[in-house]
Each structure stands twice: as C-alpha cells, then as structure tokens.
Amino acid sequence: MPPRLTSRDQSITAWVARWQPVTGYQVARAFAIHHVIAYRRLATLRKLGYMTSQRPVQELPGIYSVTNHGFGLIGVRARSVRVNPFNLWGDLAIVDQVVADQLDGGTVLSATEVQTQPGIAAQMPTIEAYDEPIWPAAFTVGPPAVATYTAIGPGGLLTLSPKGRTGLLAASRIPEQTRVRLLTDEQVRPALEFAFAQRPEVEIVTVDPHFIGGSHTQ
C-alpha cells in the first residue's frame, strides 16, 4: 500500500517551505508531536517526492527541504535553497528561536516574507548612509517587534568587519518600536558585548552549539 498523505503532512510541508532547511526535531517541536511521529511523516513526504533530506555537517542532525513537487502540493512558488555547511549552524539556530517564539504565541515572518510585506521596512534597523534596511533572518511581529539575526558559525562569529552584517548592525539606526536579537555562541559573546555596548535595544542571546537543531538528540 502506498504511503498516505494527511492534512498534517501538508501543514508540515508548508512550515518547512517557510523556514528550510530544518531538522526533524524542529518539526516535532513546532507541531508539538513526538519526534518519532515527526520523522515518520517526513519519511513519508520524502518517499512521495515532496521533501528531500541530507546531512552536510556530521555534528548536526540531518536537514529537510521542500522539493519543487512539494511546493506544488502547497500551491506556493518554488524557492531554491542552497545549503552552505558553514552557515548551517546559524541557520538552524534561527529556526530554533522561531519555534520558541511561535510556541509563545508570536507571529514570526521569514526573511523572504519580511521583504515582501508592505510598510514593514520602516521597522527594520537601517544603514543610515543609504537608508537601506538590514533584513533579519526572522521577524517577530510586535509590539514589541523583534528582528532576529545570527552571528554564529562552526568557529563562532562569522564577521565583525565594519562592512559585514554584524558591523553594519552595530552602527545602524534602530526604530524605537523594534528590538534586535542577536544569536551567538559563548566563545565570541564578549566581542559582541563590546561592539553593542552602547545599544541597549540589542539583546545578545547565547546559543549552545551542542543543542542547535536538536544536536543533543543525535
């Protein structure tokens, strides 16, 4: 008997499409289901061609993305995903935070959604010289609005260059109604605290790399 598609499978596909790549553990948390059930449904979606999986970083769990066939299932235009193993630690840390915000009842927009919402650019941190928004990896609708960024990688901070995203963020104009949340690891937190010492609207959150995306479950 071929695997049967459920309404939950469609919901899972739609959620993964928004936040991909994601881990099975993150799907389980987001949908408040046992991880065994989550992996079973993801396996079914993979068999039906709606999902693909890979494990590019051995220290992290396997990740799932939606195929073009899967985007057709949910009636959304396909969006290609290029997984950069160096950035995967930060990408999954963002999804962990998104799940936590959603479980707290927050409405969270993805990086793609934020850039297509009319009028929302005014709530973003901005490079004043160019009046250009610094788009976050995720945006929790307020009040207070929270723009979430990541500065975490396998070796810690990705960049503190004045021309890099973190450097630009440290010098940006942040609207009064918006707070900034910056995810990092313990190794480089002191450098970030120094860079953002005069920015009380910026919250630096330490992430344990052993728990990113459910690493502790592997």
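Here are the numbers for this structure:
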read-out	value
Cα gyration tensor shape of the chain, rounded if a/c is under 1.5, else prolate or oblate by comparing a/b with b/c	prolate
In order through the stretch 186-196: 3J(HN,Hα) via Karplus (6.51 cos²θ - 1.76 cosθ + 1.60), integer Hz, x for Gly, Pro	4, 4, 10, 4, x, 5, 5, 4, 5, 5, 10
Gap separating the Cα centres of the stretch 57-111 and the stretch 180-218, nearest whole Å	19 Å
Cα gyration tensor category, rounded, prolate or oblate, for the stretch 37-112 with a/c compared to 1.5	rounded
On Cα atoms only, tilt of 35-47 relative to the major axis of the chain in degrees	70 degrees
Environment charge of Gln54, counting only residues whose C-beta is closer than 14 Å and scoring Lys/Arg +1, Asp/Glu -1	+2
Protection-proxy order for peptides 191-204, 172-185, each taking the mean of Cβ atoms within 10 Å per residue, highest first	172-185, 191-204
Most mobile of Gly70, Gly142, Gly62 in a GNM of the chain (Cα contacts under 10 Å)	Gly142
Of all accessible heavy-atom area on the chain, the percent that carbon and sulfur account for (1.4 Å)	52 percent
Candidates Gln187, Gln20, Gln97: whichever shows maximal mean-square fluctuation once the chain is modelled as a Gaussian network with Cα springs under 10 Å	Gln187
In the stretch 48-148, chymotrypsin sites (Phe, Trp or Tyr not before Pro) in a DSSP loop with at most 15 other beta-carbon atoms within 10 Å	Tyr130
Taking the stretch 53-168 and dividing mean pair separation by its residue count, relative contact order in percent (alpha carbons under 8 Å, at least six apart)	19 percent
Gaussian network model of the chain, springs between alpha carbon atoms under 10 Å - residue of Ala121, Ala138, Ala151 with greatest fluctuation	Ala121
Whole-Hz couplings from phi, Karplus 6.51/-1.76/1.60, listed for the stretch 201-217; x for Gly and Pro	7, 9, 9, 9, 10, 7, 10, 7, x, 6, 10, 5, x, x, 3, 5, 8
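The values are calculated or read from the model by the stated rules, or taken from the named source; none is laboratory data. What you are looking at is a predicted structure, and each value in this text was computed from that prediction instead of being measured. Counting neighbours? That spans all protein chains shown, and the Cβs are built from the backbone with ideal geometry, glycine included. Just so you know, the surface numbers come from the protein's heavy atoms only, side chains and all, with ligands and any DNA or RNA stripped out. Shrake-Rupley method; radii C 1.70, N 1.55, O 1.52, S 1.80 Å.
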